[in-house]
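> Structure provided below as structure tokens; questions to follow.
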Amino acid sequence: MAATPAADSRLLVIYASETGNAMDAAERVGRQAERGGCPAVNVLPMDSFDPSCLPSERFVVFVVSTTGQGDPPDSMKGFWRYLLKKNLGARWLEGVRYAVFGLGDSGYQKYNFAAKKLDKRLLHLGAEPIIQVGLGDDQHPSGYEGALDPWLLSLWESLNQTTPSLLPRMYDIINPDLSILGDAKVEVIYHSSDEAQQDSNLLDFKNLIQRARSMSPSLQFYNNDKEPHYMLQMVSNRCLTKENSDRDVRHFELENPSSGITYQVGDALEILPSQSPSAVDSFIERCKLDPDCYITVMSFFATAEHEKEKLQYFASPEGRDDLYQYNQKEGRTILEVLDDFPSVQMPFEWLVQLTPPLKKRAFSISSSPLAKPNQIHLTVSIVSWRTPFKRMRRGLCSSWLAGLNPNEENLIPCWVHHGSLPPPHPSTPLILIGPGTGCAPFRAFVAERAAQSTSEATAPILFFFGCRNQENDFLYKDFWYAHAHDQGVLSSKNGGGFFVAFSRDQPQKVYVQHRIREQSARVWNLLKSGAAIYIAGSSTKMPADVTAALEEVICQETGCSEEEASIWLRKLERNGKFHTETWS
């Protein structure tokens with residue numbers, strides 16, 4: 001297919017992001033290409049690009065993150081399915097030159113799996129790699145940027161050697177002129193308080209959110225997601241952990257005051273948090289900025305020479321590690337950075353332009369629409385941590401939710417999306433493993449099956465739950481025991497079971513994988529009868545440990561080898577009966 005002149009002079013940057021890091025990295029690629037004089041640069045989320053148009057491109061950079069246990073982000077799944085079509089031949093992407101940069105964590109077994117798979121598939125389809133796949137690692141002292149910096153330099157040098165017309169100002173990428181900034185790309189319109197009260201557009205919450213998110217180049221292609229699906233009211237905010245516990249886990253109940261809510265078990269609820277009034281007065285005090293772009297622009301507006309020098313050092317490749325320690329590791333806010341450089345008087349237009357939009361936070365829904373048709377329940381751990389310099393930080397969204405009063409009006413912008421755990425058929429036996437807040441989706445599964453059992457025959461459920469202490473963080477204790485008694489869906493009378501591991505209540509730690517091994521015969525009997533396995537919770541060691549325990553069960557009950565047990569579970573996964581949803 002012949003390329004159009006536009007394609008010959010265009011660099012397309014496509015990203016697939018789960019938490020926003022891949023989006024930030026992709027925007028940085030785009031900014032550097034523009035600085036190098038690239039005639040046309042487009043930075044797009046992967047699910048906004050039609051993969052059938054890929055053969056028409058000539059230069060494409062892919063930036064993709066890897067989630068969970070080697071899974072691609074949701075925004076990549078449709079694109080990936082298209083690339084796997086059998087009718088795409090080995091010359092389908094002939095003439096396309098590409099580069100792939102992945103964001104991952106080498107602490108996981110399937111490190112940067114999505115990026116590696118994408119690179120291999122593009123090569124098989126006939127595309128030509130510009131440079132080798134880049135692998136960003138969260139374990140690096142500078143995070144993924146430790147690999148991104150040298151990878152980008154190699155990318156620009158390779159492109160400049162083969163296609164110098166694509167980057168006519170290559171020198172400006174390597175040695176940017178900080179004395180030339182250009183104009184801000186946004187215009188700020190100020191309204192008086194009287195005008196704001198009379199402007200219907202400024203009083204419509206959904207419309208305001210849609211307009212604000214439309215300002216961000218990274219969000220302009222998410223047409224269906226700019227406006228919230230629902231504005232929900234919190235009606236319950238209950239602490240699930242003991243008052244003096246070192247963990248704060250909350251149960252939230254949300255309702256739609258105007259109409260119903262459409263969702264299914266296994267779905268996730270995305271929430272866009274708000275800022276406190278004092279934080280808004282300080283210009284979104286908690287909102288992080290992209291350090292590469294923001295620090296560079298700050299250096300332009302600094303009037304004190306020592307501040308200008310430090311900011312220019314931070315913006316340089318040599319200062320990347322120190323910038324990472326200063327900004328990302330400490331989680332500094334805009335206000336804190338500006339306070340550290342008091343001579344910087346940045347125009348409000350630039351602050352607006354450089355501030356990224358607040359990111360939505362996804363939570364597994366812990367209720368069933370059959371049991372609670374106009375409610376969504378969430379099980380949320382309130383996040384807090386100390387930085388290397390002992391600053392106390394709190395998760396923006398979880399802390400904001402925890403501070404909401406159900407007795408006051410509090411409309412929460414929400415989006416419902418399918419998660420990684422598809423709803424099971426009532427006749428499918430289930431083996432659920434969900435320690436900690438990983439129990440959230442399975443509370444929904446159990447409630448759904450209990451509601452289904454009143455009108456039809458349902459299959460049994462084995463549920464393995466784990467926490468630290470029976471007294472401190474046994475989440476939903478009464479709920480589980482209620483369904484494990486008599487004729488409940490977790491009762492042994494019905495072929496089910498509820499098994500809990502308290503890791504810190506005895507000298508030797510006990511986890512869910514130990515309980516799985518103890519119930520080896522029951523687990524295997526349910527697997528033989530066609531059970532589906534669902535795992536949810538922390539993405540550290542738990543999923544691998546649980547999978548290893550399941551393999552041991554299969555070996556013990558059948559006498560097969562470890563390799564055969566592993567193959568058996570992989571076949572279960574291919575048949576849509578092994579699902580994992582994890583988070584860091």
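> Quick check on my link table: of 77/116; 86/116; 242/329, which ones sit more than 22 Å apart, alpha carbon to alpha carbon?
242/329
> For a 26 Å ceiling on Cα separation, which of these pairs sit above it: 85/571; 110/477; 372/477?
With Cα atoms farther than 26 Å apart: 110/477.
> Report, ordered by chain and residue number, the lysines lying within cross-link reach of residue 360, taken as a straight Cα distance under 17 Å and ignoring same-chain residues fewer than 8 apart.
Once the sequence-local lysines are set aside, what remains near residue 360 is 206, 226, 288.
> Let me ask something additional. What's the carbon and sulfur percent of segment 430-582's accessible surface, probe 1.4 angstrom, rounded to a whole number?
Carbon and sulfur together cover 46 percent of it.
> To continue, here is another question. In whole Hz, with x marking every Gly and Pro, tabulate ³J(HN,Hα) for segment 56-64 from phi via Karplus 6.51 cos²θ - 1.76 cosθ + 1.60, θ = phi - 60°.
Those phi angles translate into 7, 8, 10, 9, 10, 10, 9, 10, 9 Hz.
> Also: Report the Rg/Rh value for segment 430-582, based on alpha-carbon coordinates and the Kirkwood definition of Rh.
0.95
> Could you state the accessible area per residue of segment 430-582 in Å², with a 1.4 Å probe and every protein chain left in place?
I get 44 Å² per residue for segment 430-582.
> How about residue 359: which aspartates and glutamates have a C-alpha closer than 16 Å to its C-alpha, ignoring those fewer than 8 places off in the same chain?
Correct list for residue 359: 18, 24, 27, 74, 225, 227, 270, 285, 290.
> Net charge near residue 58, counting Lys/Arg +1 and Asp/Glu -1 over other residues with Cβ under 12 Å of its Cβ?
-2
The values are calculated or read from the model by the stated rules, or taken from the named source; none is laboratory data. Predicted model only: the values in this text are computed from it and were never measured. When we count neighbours, we look across all protein chains shown, and the Cβ atoms used for this are built from the backbone with ideal geometry, even at glycine. Heavy atoms of the whole protein, side chains included, go into the accessibility calculation; ligands, DNA and RNA do not. Shrake-Rupley method; radii C 1.70, N 1.55, O 1.52, S 1.80 Å.
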